[in-house]
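> The structure under discussion is supplied below as structure tokens; questions concerning it will follow.
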Amino acid sequence: MSKLAILNLGTGNLHQGFPFVSVSSQSGNYLMQVTGHLPPIPELLDYYQRWQSIYHLLYQSRSLGSRELPNLNRQEDSSIFIHDTDLTHASEEDLLTVATQFKQCLDQWLNSDGFQQIERNLRQEFNFHDQIRFIIQTSDQELRKIPWSIWQFFQDYPYAEVALSALEFKSVRRVINPAKQVRILAILGNSLGIDVETDRALLENLQGANVVFLVEPSRQELNEYLWHQAGWDLLFFAGHSRSEADGETGEIYINPTEKITITQLKNALNRALKSGLQLAIFNSCQGLGLANQLSDLHFPQMILMREPVPDRVAQIFLKHFLFAFSRGQSLYLSFREARERLEGIEGEFPGASWLPLIFQNPAEMPPTWNELSLGETTIMSNASSNLVATLTLYPSSSSQNESKTQQYFLSSEEVTVIGRSPECQIALNPMEYVTVSRRHAEIKYIKKGQEAGWQIRDTGTTNGTLVNDERIEGWYSLKSGDRVTLGYKGPELIFEHSALPTTVFIPVSTPEEEKSDSQPPVEEKADPAVEQKEHQPAKQETAKKEEKSDPVGEQQQQEKDNKAVEPKKAEAPSAEVSATEQPSTAEEKNATPTSQPSTEAVEQPKESVPSPSPETKQATTKTEEKAKTPTPVSSTSQETVASSALWGMISQQEISHLPCSETINALAFSPDGSLLAVASDDKTIKLWNVETGEEQLAITAHKLAINALSFSPDGQIIASASGDKTIKLWNVETGEEQLAITAHKLAINALSFSPDGQIIASASGDKTIKLWNVETGEEQLAITAHKLAINALSFSPDGQIIASTSGDKTIKLWNVQTGEEQSTISTQKSIVSALTFSPDQQLLASINDQQWIKLWSLTTAEEVLSMAIPTAYRGVTALHPNGQTLASVVEGEKIAIWKI
């Protein structure tokens with residue numbers, strides 16, 4: 001869940017200062033507001049104007065094509081103004097020097113006395129890994145030109161992104177149309193001297209999108225399409241545009257003879273907003289005037305460029321934004337990734353990463369791609385494939401940006417090229433990775449018969465490509481977890497792939513059932529309508545300038561066509577759905593809950609889930625009742641069911657629930673299960689009686705939000721850890737503080753008591769594990785454990801091993817006496833958030849960020865069982881030591897106590 005901060009700069013300006021500045025932040029139900037002030041700083045405007053002048057001169061001298069009409073007379077065009085009249089030539093060095101001076105000036109201003117308390121509170125409220133939407137409210141057009149993303153705050157919080165907003169706003173009431181696809185109205189305006197066909201191709205290749213192209217439309221045509229009753233989700237413009245120098249108004253050039261302002265489309269845009277329009281992308285020059293006018297309409301969110309933008313910069317930004325956004329990443333993180341990717345081409349296009357901006361209506365929540373399409377997922381470039389593959393780039397120890405990793409999705413339809421060239425699908429920073437070739441390696445997806453997978457090859461580079469430290473020759477087949485290194489001591493990328501859960505796994509049969517081979521398999525009758533949909537390609541609407549047909553009539557016909565030809569996509573079944581999909585066969589009725597499974601799991605692929613009939617509902621009820629007694633899994637079948645979703649093994653029996661009013665960060669059961677400790681953003685620990693639901697104790701524990709809890713083995717002490725980098729031990733009976741330890745350099749994320757209660761282990765965002773003496777608070781051992789922040793810890797029952805897990809998607813086992821690494825388990829496709837050992841120390845249970853419980857064999861380091869947590873309980877989850885009881889936060893409304 002993302003967090004929100006809104007910085008309201010009030011009605012001041014850079015010349016007179018800002019006498020009243022306020023920042024409010026929201027994290028779940030927790031709200032914070034702090035006030036301050038900012039002094040005058042006219043030199044900040046001077047620096048930006050000088051940067052702007054150098055930027056314009058540099059692009060004029062290089063004749064780099066921008067999405068600004070080339071035949072505009074610059075002496076008459078008030079939007080282009082060279083502020084420094086003595087400036088007659090410019091260079092990249094000049095632009096870089098002024099950019100550095102501008103950033104120093106901005107950071108100095110935001111570090112002034114009147115603003116320090118605001119920033120201090122922000123840093124206390126937010127953690128390093130928080131996704132933060134940071135909205136700056138101002139009506140001052142000079143402030144809107146500032147690239148706020150260069151503020152040091154955003155360098156320190158890699159999952160935060162900034163947006164601009166008007167001072168006045170309100171939500172827009174709109175009708176959500178069940179289109180099942182993202183409906184995009186794409187306007188390809190006057191393209192004199194630029195290439196908008198690349199933009200078109202990027203939109204055409206989007207999966208799960210229904211795109212209507214208007215090529216150089218007339219004002220009347222554009223107006224008619226905006227009024228269309230079916231509505232649009234996304235409005236896109238590519239072509240020439242400009243804004244007045246005061247930033248108040250802007251215009252787009254829709255064809256060679258017509259330009260139009262937002263005001264001239266006011267009624268049509270209002271209608272489009274009420275019909276569902278949520279996002280506008282103006283991939284064109286100088287969008288601040290357009291944003292200002294659209295904000296008057298309370299437009300939900302816009303993506304624009306603040307200055308003239310070179311053609312290729314616009315295309316590269318759009319490519320990376322659409323790629324990330326359409327694959328499920330949030331709008332803000334997709335925007336940040338695309339913006340930061342522009343740094344890689346600043347050798348050719350200086351200042352490119354300063355150009356994009358988001359303009360946000362604070363009353364609106366940014367949609368995800370899935371929300372725009374009302375549930376249709378497009379996590380892969382090939383919708384018919386059920387495989388997801390990624391490469392994750394981990395920074396080297398010498399990198400200046402050690403905390404940052406980057407994950408790339410691989411296409412199953414085209415070759416993925418890795419290298420330093422900005423044209424590569426995975427473009428690495430040429431300044432950081434100097435030993436990497438421009439086109440270093442290629443990865444492709446192949447399928448031969450029943451065999452399918454990804455292969456990599458070196459392109460003939462001097463430094464070569466290595467997989468697991470071995471140099472490869474020719475095409476090499478990759479396995480999940482392989483380490484790909486580009487040259488010796490070059491950047492390291494981890495390859496991962498997994499099958500999406502597009503099949504529903506049926507509870508395994510008994511030996512008696514296997515003998516009934518004569519029984520024919522139960523088959524569902526195929527739906528002819530579904531078959532027709534699956535075998536007919538989806539149509540794409542295209543409206544060209546020369547075609548003057550009625551758009552409404554065309555659209556109505558298209559909607560009919562879509563109903564007939566819309567392809568069905570395989571969907572990952574939810575726990576509720578899969579629970580109703582168990583076939584009511586004679587074999588199933590005869591099966592007993594205590595039957596031992598066979599060595600083979602039966603799969604039944606599902607493309608869609610039909611609505612259950614009354615008979616099916618009755619059978620479902622019986623199946624659910626039967627599922628309350630989970631089928632045991634024998635040791636002989638554990639390997640068989642590895643990586644399978646054993647839906648029937650989880651009952652949804654809720655024992656009780658507890659109230660929940662704050663954002664919950666951590667839960668912990670007492671050893672006897674009678675108490676549940678709850679830690680939240682309000683910096684308190686609350687102890688609840690699980691049986692009665694009564695609050696036993698409340699402790700105001702830390703200065704910042706609490707991230708971790710752990711009970712001592714005797715249940716007499718509760719330990720807490722926080723973003724304030726401290727560990728505190730509390731008496732469970734009295735609530736008195738027993739011990740406080742200043743433990744780590746960064747926020748502490750995990751705690752675990754040793755079985756004898758003498759040691760407490762802590763793990764932090766600083767990637768270390770530390771062991772502490774509970775009596776004295778002295779450090780016993782420090783282990784530099786992972787490449788990324790550590791999320792969870794667990795001591796083994798004999799106290800000799802401690803398990804840790806991290807954002808680097810590994811679980812590691814450590815010798816408590818020596819600190820030596822014993823073994824590593826790759827979690828492959830997910831980040832683990834909780835760990836616990838089985839009593840016999842043969843298995844390790846984990847809960848991951850996708851809300852799956854997995855069992856890992858400590859003998860083989862392999863996964864032996866996986867179970868999906870029911871959808872209703874997919875929040876912060878704690879597993880009781882008995883391995884049967886869990887506590888989960890349910891949609892921020894309650895804490896449910898339930899059993900497996």
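> Run the simple label-point estimate for LYS745 and GLU371 please: 7 Å along Cα→C-beta, distance reported in nm.
For LYS745 paired with GLU371, the spin-label model returns 3.7 nm.
> Can you give me the % of accessible surface on region 664-737 that is carbon or sulfur? Probe 1.4 Å, all protein chains present, nothing else counted.
41 percent
> Largest first and in whole Å, give the semi-axes of region 743-899's equivalent ellipsoid, each being the square root of 5 times a Cα gyration tensor eigenvalue.
Values: eigenvalues 120, 61, 49 Å².
Over the Cα atoms of region 743-899, the semi-axes work out to 25, 17, 16 Å.
> Moving to a separate point now. Let's test the formula: R0 of 45 Å, r as the Cβ-Cβ distance of GLN101 and GLN800. What FRET efficiency results, to the nearest 0.05?
On the way: r = 57 Å, r/R0 = 1.27.
For R0 = 45 Å, the calculated efficiency reads 0.20.
> Going highest first, how would you order 739-749, 457-467 by mean Cβ packing within 10 Å? Spell out each step's value before the answer.
Working: 739-749: 19.0, 457-467: 16.5.
Most protected by this proxy first, the peptides run 739-749, 457-467.
> Label points 7 Å out from Cα along the Cβ direction at ARG439 and LYS703: separation in nm?
Spacing of the two 7 Å Cα→Cβ label points: 5.5 nm.
> Which peptide among 692-700, 326-334, 753-761, 409-417 comes first, and what is the full order, when sorted by highest mean count of other Cβ atoms within 10 Å?
Those peptides, ordered most packed to least, come out 326-334, 753-761, 409-417, 692-700.
> Of GLY735, THR684, GLY673, whose Cα points farthest to the positive end of the dipole of region 664-737 (charges on the beta-carbon: +1 Lys, Arg; -1 Asp, Glu; origin at the Cα centre)?
The residue sitting farthest along the positive end of the dipole is THR684.
> For GLN116 and GLU778, what does the FRET efficiency come to when R0 = 35 Å and r is the distance between their Cβ atoms, rounded to the nearest 0.05?
Working: r = 35 Å, r/R0 = 1.00.
For R0 = 35 Å, the calculated efficiency reads 0.50.
> Taking square-rooted eigenvalues a ≥ b ≥ c of the alpha carbon gyration tensor, is region 177-237 rounded, prolate or oblate, where a/c under 1.5 means rounded and, failing that, a/b exceeding b/c means prolate?
oblate
> How far is the Cα center of region 263-326 from the Cα center of region 790-813, in Å?
About 46 Å separates the Cα centre of region 263-326 from the one of region 790-813.
> Oh, and also: Could you tell me which GluC sites (Glu not before Pro) in region 167-246 are loop residues by DSSP with no more than 14 other beta carbons within 10 angstrom of their beta carbon?
When the GluC sites (Glu not before Pro) of region 167-246 are filtered for loop state and at most 14 Cβ neighbours within 10 Å, GLU168 remain.
> Can you list which of the trypsin sites (Lys or Arg not before Pro) found in region 111-213 are DSSP loop residues with at most 13 other C-beta atoms within 10 Å?
LYS170, ARG173
> Ok, one more. Name the shape class, rounded, prolate or oblate, that the alpha-carbon gyration tensor gives for region 657-733, where a ≥ b ≥ c are the square roots of its eigenvalues, rounded holds for a/c under 1.5, and otherwise prolate holds if a/b is larger than b/c and oblate otherwise.
Working: a/c = 2.00, a/b = 1.24, b/c = 1.62.
Here region 657-733 falls in the oblate category.
> Please work out how much length the chain gains when fully extended from SER477 to THR734, using 0.36 nm per residue of separation minus the C-alpha to C-alpha distance, in nm with one decimal. Don't skip to the end; give the middle numbers.
Details: separation 257, 0.36 × 257 = 92.52 nm, distance 6.04 nm.
Result: 86.5 nm gained on full extension.
> Expected output is a single nm value to one decimal: the length gained when fully extending between GLU691 and THR860, i.e. 0.36 nm times separation in residues minus the C-alpha distance. What is it?
56.9 nm
> Here's something else I'd like to know. Where the centroid of each part is defined by its Cα atoms, how far is region 748-781 from region 415-490 in Å?
40 Å
> Where a ≥ b ≥ c are the square roots of the eigenvalues of the C-alpha gyration tensor, would you call region 182-372 rounded, which needs a/c under 1.5, or, failing that, prolate if a/b is larger than b/c, or oblate?
Cα axes put region 182-372 in the rounded bin.
> How big is region 665-794 along each principal axis, measuring the range of its Cα positions in Å and listing the largest first?
Here the spans come out as 43, 30, 22 Å, largest first.
> Order the peptides 433-439, 352-358 from the highest to the lowest mean number of other Cβ atoms within 10 Å of their residues.
In decreasing order of mean packing, 433-439, 352-358 become 352-358, 433-439.
> Report the residues of region 343-364 in range of a label on ARG173: point 7 Å along Cα→C-beta, backbone N strictly under 17 Å from it.
Answer for this model: 364.
> At what distance in nm do the modelled label points of LEU192 and GLN842 sit from each other, each positioned 7 Å from its Cα along Cα→Cβ?
7.9 nm
The values are calculated or read from the model by the stated rules, or taken from the named source; none is laboratory data. As the structure is a computational prediction, the values presented were derived from the model and not from experiment. Methodologically, a virtual Cβ is constructed for each residue, glycine included, from the backbone with ideal geometry; neighbour enumeration extends over all protein chains shown. In case anyone asks, the SASA skips ligands and DNA or RNA and just uses the protein heavy atoms, side chains included. Shrake-Rupley method; radii C 1.70, N 1.55, O 1.52, S 1.80 Å.
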